[in-house]
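See structure below.
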């Protein structure tokens, strides 16, 4: 469908300044000129500027792992979209399951963050996904569809092109368990059908839907080969240069 693959590395609460710089330097050297895949690195907020210095002038984009929906204010410990832009971010992960599970973020808050990101020209990577109990009880499509609809309330059609959807089954995050390529494709196709119902077929076909959940170099090719899988949101494997490089290269068109 002409959708360029998009691979994003979510470093979560890992690395030191030194190791973040070293990792960014390695990735810039090996991937900085890759033209057929879009790539973003999402380090901890305190290392955004340090990583930016290593990837500036390459094709690697810089993303944040979270943000507050207000521009400024008495929100101790939070980071605003204005601050992210000041740190040269172009992307931000919103609604990751760990934010929902450990920090109480709900669909309404996720939506507010998405609207704020778009209003500041940040490209949100919007996460949806079901728990193991929800999958085993046959509620996967209902759960992810509801999350997606609520996330995009108020997002105008012309803004949707700047949004990436990331399907991340909670039961596969950091567990070593991975949805089969067929399972991933089934959910991605459903998410695209939800987008079609909201925005029409033409627009839904240009929106990228990443898969996230224990993606590694040895399983990336099978997942990325699916027609509705447009990239990956990579967790643990993004902390290892060799693994992340292999995942990115798996997304390069043959």
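The values are calculated or read from the model by the stated rules, or taken from the named source; none is laboratory data. The shown structure was predicted, so the numbers you read here are calculated from the model rather than taken from an experiment. Cβ coordinates were reconstructed from backbone atoms using ideal geometry, including for glycine residues, and neighbour counts include every protein chain displayed.
Just need a number here: residues in segment 176-193 that are under 20 Å from residue 93 (Cβ atoms) and touching a helix residue (DSSP H, G or I) at 6+ places or on another chain (Cβ under 9 Å). Even if it seems obvious, please write down each step before you answer.
Keep residues of segment 176-193 that are under 20 Å from residue 93 (Cβ atoms), which gives 178-179, 184, 187-188, 191.
With the extra rule that they be touching a helix residue (DSSP H, G or I) at 6+ places or on another chain (Cβ under 9 Å), the set shrinks to 178-179, 184, 187, 191.
Matching residues across segment 176-193 total 5.
Considering 191, 160, the condition of being closer than 19 Å to residue 146 by Cα, under 17 Å from the mean Cα position of the chain (by Cα) and surrounded by fewer than 20 Cβ atoms within 10 Å (Cβ to Cβ) is satisfied by 160 alone. Go through segment 3-57 residue by residue and tally those that are over 16 Å from the mean Cα position of the chain (by Cα), touching a residue at least 40 places away in the same chain (Cβ under 8 Å) and closer than 18 Å to residue 247 by Cα. The total comes to 7.
What residue, of 246, 189, is closer than 17 Å to residue 127 by Cα, at pLDDT 95 or above and assigned to a helix (DSSP H, G or I)?
Working: 246 fails: closer than 17 Å to residue 127 by Cα.
Of 246, 189, the one residue that is closer than 17 Å to residue 127 by Cα, at pLDDT 95 or above and assigned to a helix (DSSP H, G or I) is 189.
In this entry, residue 115 passes the filter for residues that are under 22 Å from residue 99 (Cα atoms), part of a helix (DSSP H, G or I) and modelled with pLDDT of 95 or more. Report whether or not residue 166 is within 26 Å of residue 248 (Cα to Cα) and either in a helix (DSSP H, G or I) or free of Cβ contacts under 8 Å to residues at least 12 places away in the same chain (or both). It is false that residue 166 is within 26 Å of residue 248 (Cα to Cα) and either in a helix (DSSP H, G or I) or free of Cβ contacts under 8 Å to residues at least 12 places away in the same chain (or both). Could you list all residues from segment 207-238 that are more than 15 Å from the chain's Cα centre (by Cα) and in a helix (DSSP H, G or I)? 220, 221, 222, 223 - these are the residues of segment 207-238 that are more than 15 Å from the chain's Cα centre (by Cα) and in a helix (DSSP H, G or I).
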